[in-house]
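For reference, the structure is listed below as structure tokens.
The values are calculated or read from the model by the stated rules, or taken from the named source; none is laboratory data. Keep in mind that what you see is a predicted model, and the values were worked out from it rather than measured. Counting neighbours? That spans all protein chains shown, and the Cβs are built from the backbone with ideal geometry, glycine included. Ligands, DNA and RNA are excluded from the accessible area calculation, which covers all protein heavy atoms including side chains. Shrake-Rupley method; radii C 1.70, N 1.55, O 1.52, S 1.80 Å.
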Amino acid sequence: MSRQRIDADTAETVAGVVRLLRRAAELVWAAVDADGAGSPRQVLGLGIDLAADEARNLLPDAIPVDGPVPVGDETAGLLRSAEQVLQRLTTSGAGTGLHGLRTQVADLVWEANTGVGG
């Protein structure tokens with residue numbers, strides 16, 4: 001749980017980012033299962049899982065992250081959506097956690113577009 005207070009709109013937005021990241025991870029892990037043991041996509045899947053956990057940890061425990069599953073079947077597209085949503089959040093009072101998450105998601109977008117995970 002985050003020690004910083006965030007407003008309700010920001011919390012709802014971050015919860016949406018969690019859902020986008022979880023959907024992207026789901027797609028990568030399905031590809032890993034299809035690839036078999038030793039798939040290089042495992043690194044991307046782990047990175048996305050970690051980013052989703054970081055996003056969830058920014059929220060108070062009382063904020064639910066369950067909701068509609070994001071539509072999409074392209075990992076890179078879902079990650080780009082998460083990156084765009086994070087960029088739109090105001091930075092005042094966001095704290096280092098949100099800034100770090102933005103950087104982490106931007107790195108994942110790059111990896112999905114240039115590496116094996118897209």
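Our analysis of the chain gives Rg over Rh at 0.98, with the two radii drawn from alpha carbon positions and Rh computed by the Kirkwood formula. The sum of -39500 (n - 2.57) across all DSSP H runs of n ≥ 4, divided by the residue count of the chain, sets its helix-only mean residue ellipticity at 222 nm to -23000 deg cm²/dmol. Summing Lys and Arg as +1 and Asp and Glu as -1 over all other residues whose Cβ lies under 15 Å from the Cβ of V71 gives a net charge of +1. Sorting 69-80, 16-27 by their mean Cβ neighbour count within 10 Å, with the most densely packed peptide first, gives 16-27, 69-80.
Placing pseudo-labels 7 Å out from each Cα toward the beta carbon at T103 and E12 gives an inter-label distance of 3.0 nm.
Average accessible surface for the chain: 56 Å² per residue, computed with a 1.4 Å probe over protein heavy atoms with every protein chain in place. Rounded to the nearest 10 degrees, the angle from helix 41-57 to the longest Cα principal axis of the chain is 10 degrees. In the chain, carbon and sulfur make up what percent of the accessible area (probe 1.4 Å)? Carbon and sulfur: 52 percent of the exposed surface of the chain.
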